[in-house]
1. Anything in the stretch 117-169 that is of a type in the set (A, V, I, L, M), touching a helix residue (DSSP H, G or I) at 6+ places or on another chain (Cβ under 6 Å) and outside any helix (DSSP H, G or I)? List them, or say none.
2. Residue under question is THR231, and the condition is that it be under 30 Å from SER109 (Cα atoms) and either among the charged types (D, E, K, R) or not in a loop (DSSP other than H, G, I, E, B) (or both); does it hold?
3. Which members of the stretch 40-63 meet the condition of being surrounded by fewer than 24 Cβ atoms within 10 Å (Cβ to Cβ) and of a type in the set (Val, Ile, Thr)?
4. Based on what the data block shows, is ALA128 free of Cβ contacts under 8 Å to residues at least 60 places away in the same chain, of a type in the set (Gly, Ala, Ser), under 24 Å from GLY12 (Cα atoms) and in contact with a Lys or Arg (Cβ under 6 Å, 6 or more places away or on another chain)?
5. Which condition from (1) without any contact (Cβ under 8 Å) to a residue 24 or more places away in the chain; (2) assigned to a loop (DSSP other than H, G, I, E, B) is the one that HIS91 breaks?
6. Taking the stated definitions as given, is VAL194 closer than 24 Å to LEU129 by Cα, among the β-branched types (Val, Ile, Thr) and either part of a helix (DSSP H, G or I) or more than 15 Å from the chain's Cα centre (by Cα) (or both)?
Amino acid sequence: MSELTAIGVLLGIIHQGIRLATPYLYAAIGETISQRAGVFNLGVEGIMLMGAFSGFYAVFETGNLLLGVLAAAVVGLLMGLLMSVVSITFHAEQGISGIGLYMFGLGASSLLFKTMLGTIEPVRGFPALRFCLSDDFCLANISVIGDIFFGYTALTYGAYLLVPIVWWVLNRTTWGLKIRAVGHNPEAADSLGVSVTAVRYASVMIGSMLAGVAGASLSIGLLNVFQEEMTNGIGFIAVALVYFGSWKPVGVLGGALLFAGVSALQLWVQVINLEIPSDLAVMLPYLLTIIALALPFRRSLQPGALGKPFSRGEG
């Protein structure tokens, strides 16, 4: 491989990795909010599937991309409400209820696809933004810089913008303080007049809304089609990214770029025909997930009340 070709491949991997990190970021940042409030939502994958279908179908019927994102967000919000009722109000074991939500999303998205579409149909999704300053000059055409920073969709830029916004909310606002308080010590938060139930409901629903948008970022942002089980485990990896990033948005960003970069690498390995078994390349992101979950020092940083139901008056 020549030097020029090697540079081109490297830029291609970086560009593709930044693109592929989009659904990881939406889902993992949303799960970060939920877990910082003490609720472990393992149903992210199912929410993403429902968001992917609802966003795609809205665009398929209307051609309106913003309506597609809104539809995905609303469906995610409703599934978050369902998760909240089961886990927060009824005190169901969060891991089991999350798996149930995943199975519901998996089955419902498949059923809706078969009954309302029946076959894979393409739509015109979000276009890449090239930031043209004139007819002859676009920032995306600048060598190296253009390849790395420009040429992505609005959904991708939105995912990266979400990181500093959520960091600021969690660390610099009263609402963020309440989220962290009910996640670490809900009894103390309750004694100070904070509604643990309200904060947890809101956190789970916002996180689920972002998971729905994560699904839409796949179906109308990256692939422009919907097919059954198209998330391919991204929702579960997003949950692992929260652990990998130590429940911090910036850490989640780093993990998302790492995982997406590995995914991009395995795609390029197959494109340039490197002498690496294709099965090994495909399993790299999942192998990285297992390693991330196995790191013991990460678990020591988790919110103290994560996964623990709260009843007022219990201490």
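1. VAL123
2. On the way: under 30 Å from SER109 (Cα atoms): yes; either among the charged types (D, E, K, R) or not in a loop (DSSP other than H, G, I, E, B) (or both): no.
No.
3. Taking the stretch 40-63 and keeping what is surrounded by fewer than 24 Cβ atoms within 10 Å (Cβ to Cβ), we get 40, 42, 57, 60-63.
If the condition is that a residue be surrounded by fewer than 24 Cβ atoms within 10 Å (Cβ to Cβ) and of a type in the set (Val, Ile, Thr), then THR62 is the only one that fits.
4. Working: free of Cβ contacts under 8 Å to residues at least 60 places away in the same chain: yes; of a type in the set (Gly, Ala, Ser): yes; under 24 Å from GLY12 (Cα atoms): yes; in contact with a Lys or Arg (Cβ under 6 Å, 6 or more places away or on another chain): no.
So ALA128 fails the test.
5. That leaves (1) as the condition not met.
6. Numbers: closer than 24 Å to LEU129 by Cα: no; among the β-branched types (Val, Ile, Thr): yes; either part of a helix (DSSP H, G or I) or more than 15 Å from the chain's Cα centre (by Cα) (or both): yes.
No; evaluated as a whole, the condition is false for this residue.
So that you can scan it fast, the table gives a plain yes or no per residue for (1) within 26 Å of VAL85 (Cα to Cα); (2) modelled with pLDDT of 95 or more; (3) loosely packed, with under 15 Cβ neighbours inside 10 Å:
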{"position": "ALA128", "(1), (2), (3)": "no, no, yes"}
{"position": "ASP136", "(1), (2), (3)": "no, no, yes"}
{"position": "GLY158", "(1), (2), (3)": "no, yes, no"}
{"position": "LEU161", "(1), (2), (3)": "no, yes, yes"}
{"position": "LEU170", "(1), (2), (3)": "yes, yes, no"}
{"position": "VAL182", "(1), (2), (3)": "yes, yes, no"}
{"position": "THR197", "(1), (2), (3)": "yes, yes, no"}
{"position": "ARG200", "(1), (2), (3)": "yes, yes, no"}
{"position": "GLY207", "(1), (2), (3)": "yes, yes, no"}
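One line per residue, one yes/no per condition, for (1) among the hydroxyl-bearing types (Ser, Thr, Tyr); (2) at pLDDT below 95; (3) outside any helix (DSSP H, G or I):
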residue	(1), (2), (3)
THR5	yes, yes, no
GLY8	no, yes, no
HIS15	no, yes, no
THR22	yes, no, no
GLY55	no, no, no
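The values are calculated or read from the model by the stated rules, or taken from the named source; none is laboratory data. Just so it is clear, the structure is predicted and the values come from calculations on it, not from any experiment. Note that each Cβ is placed from the backbone with ideal geometry, even for glycine, and that neighbours are counted across all protein chains shown.
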